[in-house]
1. So is Ile133 farther than 30 Å from Asp100 by Cα and over 14 Å from the mean Cα position of the chain (by Cα) or not?
2. Please work out which residue is nearest to Met172 (Cα to Cα), limiting yourself to segment 133-153 and to residues that are in contact with a strand residue (DSSP E or B) (Cβ under 7 Å, 6 or more places away or on another chain) and basic (Lys, Arg).
3. Go through segment 14-41 and report how many residues are among the small types (Gly, Ala, Ser) and surrounded by 12 or more Cβ atoms within 10 Å (Cβ to Cβ).
4. Of the residues Ala132, Ala110, Ala85, which single one is more than 21 Å from Leu38 (Cα to Cα) and in contact with a Phe, Trp or Tyr (Cβ under 6 Å, 6 or more places away or on another chain)?
5. Within segment 87-134, track down each residue that is closer than 17 Å to Ala183 by Cα and aliphatic (A, V, I, L, M).
6. Starting from segment 174-203, keep only residues that are under 23 Å from Leu147 (Cα atoms) and assigned by TED's automatic domain parsing to the domain that holds Leu146, then list their pairs with residues that are among the basic types (Lys, Arg) and surrounded by 19 or more Cβ atoms within 10 Å (Cβ to Cβ) whose Cβ atoms are within a distance under 7 Å, requiring at least 6 positions of separation or different chains.
7. Checking Gly33 against (1) in a loop (DSSP other than H, G, I, E, B); (2) touching a residue at least 12 places away in the same chain (Cβ under 8 Å); (3) within 16 Å of Gly129 (Cβ to Cβ): exactly one of these is not met. Which one?
8. Among the candidates Leu122, Leu147, Leu189, single out the residue that is over 18 Å from His20 (Cβ atoms), under 20 Å from the mean Cα position of the chain (by Cα), modelled with pLDDT of 95 or more and not polar (S, T, N, Q).
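The values are calculated or read from the model by the stated rules, or taken from the named source; none is laboratory data. All figures in this text were calculated on a predicted structure; none of them were measured in a lab. With ideal geometry, Cβ positions are generated from the backbone for all residues, glycine too; neighbour counts draw on all protein chains shown.
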Amino acid sequence: MTLIETIKFFNGNFFYLDFHQWRIDWSLEKLSGNKIKLFDVLSNSLKNIKLNSDEVYRCRVSYNKYQIVNIEYIKYIEKNIETVAIINAEKLEYNLKFADRSEINKLINAHCDETIFVKNNLLTDFSIGNIAIKYNDIWQTPTKPLLKGTTRERYLRSGFLQEQDISLNEFMNLFNNKNLEIAIINSMLDFKQLKIKKLVNQI
């Protein structure tokens with residue numbers, strides 16, 4: 001079983017490495033695995049490569065319960081998100097950040113920029129990150145996401161985000177009444193508010 005961490009790297013800096021270490025520790029504890037010191041491994045990985053200081057990279061760390069198996073630096077290109085599909089994902093399980101995303105990819109609507117997965121009539125996540133909506137002037141994120149993201153965890157600890165069950169009906173009402181403030185959360189985008197022009201409800 002291979003897991004991954006996606007870490008933002010720019011101008012010689014790894015962003016929020018402590019939270020990526022937190023998730024690796026949490027994941028390996030669940031798998032009864034070895035300890036991995038992320039900072040040491042990543043520092044060594046930079047010795048034999050040349051990266052442009054003015055470009056943003058996705059540092060993709062692949063690991064198993066025993067060790068790091070691969071580190072890649074991939075130039076990051078941000079995707080514009082204007083159309084979103086809502087998909088039923090009752091059988092989807094992604095509680096660890098698996099390298100194998102085939103079950104997620106099967107559900108993604110290829111005709112939209114992004115997909116929101118719903119389980120038990122509750123929002124869970126986007127396909128590439130956690131989700132937050134602003135309700136009663138408070139930014140809320142689902143209590144039961146598919147995956148506990150590192151950026152989500154950081155904003156929860158700071159108090160900026162609060163966990164709350166978000167029903168699909170509530171979400172659709174906000175969108176239809178043009179009161180929807182929504183954001184996608186991941187390590188590359190951090191906390192990015194979206195302007196959704198089209199919502200395709202496939203449930």
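1. In short, no.
2. Lys144
3. Matching residues across segment 14-41 total 2.
4. Numbers: Ala110 fails: in contact with a Phe, Trp or Tyr (Cβ under 6 Å, 6 or more places away or on another chain); Ala85 fails: in contact with a Phe, Trp or Tyr (Cβ under 6 Å, 6 or more places away or on another chain).
Matching residue, one of Ala132, Ala110, Ala85: Ala132.
5. Correct list: Ile116, Val118, Leu122, Leu123, Ile128, Ile131, Ala132, Ile133.
6. Here the result reads Ile185/Arg152; Ser187/Lys8; Met188/Lys8, each pair linking segment 174-203 to a residue that is among the basic types (Lys, Arg) and surrounded by 19 or more Cβ atoms within 10 Å (Cβ to Cβ).
7. (3)
8. Answer to the selection: Leu122.
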